[in-house]
Amino acid sequence: MSSLALGPLLRHVNGDSATIWVETTHAATVTVVAGDHRASARTFAAHDHHYALVELFGLTPGTHTPYTVLVDDEVVWPEPDSPYPPSVIPTLDHKPLRMAFGSCRVSVPHDESGTEAFGVDALRSYALHMATDDREKWPDLVLFLGDQVYADETSDEMREFIAARRSLDEPPGEELKDYEEYSHLYKIAWCEPANRWLLSTLPSAMIFDDHDIRDDWNTSWSWRREMEATSWWHDRIVGGLASYWVYQHLGNLSPDDRADDVLWQRIRDHEGPDELDITDAVDELADNADQKPDCYRWSFSRDFGTQARLIVVDSRAARLLKPEERSILDPAEMEWLDGLMTGGFDHIIIGTSLPFLMAPGLHHAEAFSEGLSNGAWGKIGARVGERLRRTVDLEHWPAFQQGFLQVADMTLQVASGARGTAPHTVLFLSGDVHHSYVASAWPDPAVTDVTIQGRIMQAVCSPIRNPLPKPMVRVMRAGTRKSVGRLVRRLAKSAKVPVSPLGWAVDRGPWVDNNLAILELQEDGGLSMRWVAGDIEGRATDDPVLKVVAEVGVPVNPRGQERPPA
Ligand SMILES: [Fe+2]
C-alpha cells in the first residue's frame, strides 16, 4: 500500500490555482481536496522514487482553505494528532505582497550539539512562530535563495545513509554520489515536523546555489575541467540537477509555464496502464542543461498584478566559463532577463542566489581577481588570480564583470523610466554569503548622466542555518570598510577592470545571525524588511521564540537615490 514518503509541499499559488508536490512510497494516484475543490494526479517515477504534482484550479482569491491529501483514497495528510494547525491553501488577492526569503540552511538536529555547531534554525523558529500566529500575518510565499541542501558538506545522518550503500573511502567519499543520495538528502532537509508543516502551508519558490551541487559550482573553466576529470562528477551533476528538477524546479513554475515544459507535458499527458518512468529523460535533461546551459532555463518569473514582478535568476548553471566567452548568464538567459526588466510595476524584485551588489571592498576584490585571471598582470598574475578566486570564493557577480555591467545598465534603464513607468524600487534579493545586509545604489555621475526615479537596492538574507566561521567574519567586516573599498578599487583599476555606472554602499548590517527575512510591500509604494532569528535564551535548544534582528523601512522616494554626501 502506498503512503507519503515526503511532503506535501505547497508550491506555486496565485489567486485561483495551487500546486502541491508529494513523494509517495509506491506508484499511486494522489488526490488533494480543498473545500469544494478536488484534483488528482498519478505518480511518475524517477530512479525508483514516486512523485506527484497536483494542480488545483478555480479557487477563490484571498481565501485560506484547509486541504487534505489522499494517496489511493487513503487520507495521509494532515497527520493524525499533528500539533500544528491545518495546512491551508492561501490564495492571493490584491493585498500588498508579503514574502519571506533566505538561503543557506544545513539540516542537522535541533539538540544541543546541532545547535552548538550551527546555531538555531531560523526557518524552524519561524515555523513555530507561524503556528501560533494569526494567519492574516503569514507571508504569501517564501523564496529560498540557494543552498537548500548541502551535497558536499554532509551531516552524520547523511553519512550513515551513504555508508550503508557504498564505501566512504571511495570517491566522492562523504559527498553525494547520485540521485538516490540526493533523494535522501531532500528527505532529511524537509521532514523535520515544524519545517514540514511550514512547507505544507506556505507557498514556496526556490533556486539553487553552489552547495546544492558543490562548493564553488562553476567558478571557472579550470574548476570545471578539474571536476570533469574525476570519476564521480558526471553522476553527481546529473543526479543533482535531475533531482533539482523533480524536488525544486517543477513546483516553481506557474501552471502555464509548466505547460510549456516538454518533460512535464509527457508526465501530464501519460495515459498508459503503468506509471510513467522519467529516469532516462530527466537524466538526459540534467546532462544537457549542464553541458549546454542555453538548452534549458532554470530561471523563472511571475507577476503579482502590477505591484511587483519577481524574476528569479539562475546565476550558477547558466554560466559560460571558457575564458573567451566567460559570462555569468549565457546569451539566451541574459536576453530573457533583459525582456523582463521593464517598467509598469511598483517594484521589480530580482532573486539571485549571489548578491548583485556586494560590499564595495569584496566587489572590487572579485573584479580584481577576474582581471588578474584574464592576464592583466601576465601569466603569473593569471595563475595567482585563478588560485585566489577559488581559495576565497571570488565567484559572484563582480567576478563576471561583463554580466554585471549588462545588468547594471538594464537596472539603470528601468529605474530611469526608459523602459516604461519607473518602479518605486528595483530590489535585488540574495543569499550565499553567510551575512545579511542592505545596500543602496545610485547612478555614478562620473560615469553616466542617467538619473533615476525611486530606488535601487540590494537585500541579503544568509544564512538560515549555517553561520560564518569567526575568522571569515573578520574578513567580511573588513570588506565593508570604506577605506578597504577604496584601496581594492585602485587594485582593480590596475587590472583593467571596467568602471561601473552604479555606485553603492552598504547602509544597514552586516548581521551574522541565522536569519529569515520578511519583505512587506506597502499600499503607498514603500516597503519594509525585517530579519528574524530564533532565540533560545533560557529555553531548550529545540524550543526557540522569534526575535527581531533588524528592521528596515524604505519609504517611497520619488526624487531618486542620489550619491550620498561624502
Ligand atoms: Fe552558496
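Before moving on, here are some points about what is shown:
- Shape analysis of segment 348-478 places it in the oblate category; the axes a ≥ b ≥ c from the Cα gyration tensor give an a/c of at least 1.5, with a/b not above b/c.
- Cα gyration tensor shape of segment 48-146, rounded if a/c is under 1.5, else prolate or oblate by comparing a/b with b/c: oblate
- Among the trypsin sites (Lys or Arg not before Pro) found in segment 116-158, not one is both in a DSSP coil and sparsely packed, with 11 or fewer other Cβ atoms within 10 Å of its Cβ.
- Shown here for segment 508-564: trypsin sites (Lys or Arg not before Pro) in loop regions (DSSP other than H, G, I, E, B) with at most 13 other Cβ atoms within 10 Å, namely 539, 559.
- Percentage of interatomic Cα-Cα distances in the chain larger than 44 Å: 13 percent
- For segment 269-364: rounded, prolate or oblate by the Cα gyration tensor [a/c cutoff 1.5]: oblate
- Mean Cα-pair separation over length for segment 105-258, i.e. relative contact order, pairs under 8 Å, 6 or more apart, %: 30 percent
- Relative contact order %, segment 228-369, counting alpha carbon pairs below 8 Å whose residues are six or more apart: 19 percent
- Low-density loop positions, GluC sites (Glu not before Pro), segment 133-209 - DSSP coil, at most 15 other Cβ in 10 Å: 153, 174
- Axis angle, to the nearest 10 degrees, between helix 279-291 and the longest C-alpha principal axis of the chain: 0 degrees.
- Where only DSSP H runs of four or more residues are counted, the chain gives -9000 deg cm²/dmol as its mean residue ellipticity at 222 nm, each run worth -39500 (n - 2.57).
- Relative contact order (percent, whole number), the chain, Cα cutoff 8 Å, 6+ residue spacing: 15 percent
- A crude spin-label estimate for the pair residue 135 and residue 384, with each label 7 Å from Cα along the Cβ direction, gives 6.2 nm.
- Separation between Cα centres of segment 1-49 and segment 409-426, rounded to whole Å: 40 Å
- Rounded Å value of the spacing that divides the Cα centres of segment 74-137 and segment 487-524: 29 Å
- The Cβ shell under 11 Å around residue 220 holds other residues with a net charge of +3, Lys and Arg each +1, Asp and Glu each -1.
- Sorting the segments 92-102, 32-42, 405-415 by their mean number of nearby beta carbons within 10 angstrom, highest to lowest, gives 405-415, 92-102, 32-42.
- Environment charge at residue 425 (Cβ cut-off 12 Å; Lys +1, Arg +1, Asp -1, Glu -1): +1
- Between 0 and 90°, nearest 10: helix 360-373 axis offset from the chain longest Cα axis: 80 degrees
Every number here is computed from the coordinates shown, using simple stated rules; none is lab data. Source: prediction; values computed, not measured. Cβ: placed from backbone, ideal geometry, glycine included. Neighbour counts: every protein chain shown.
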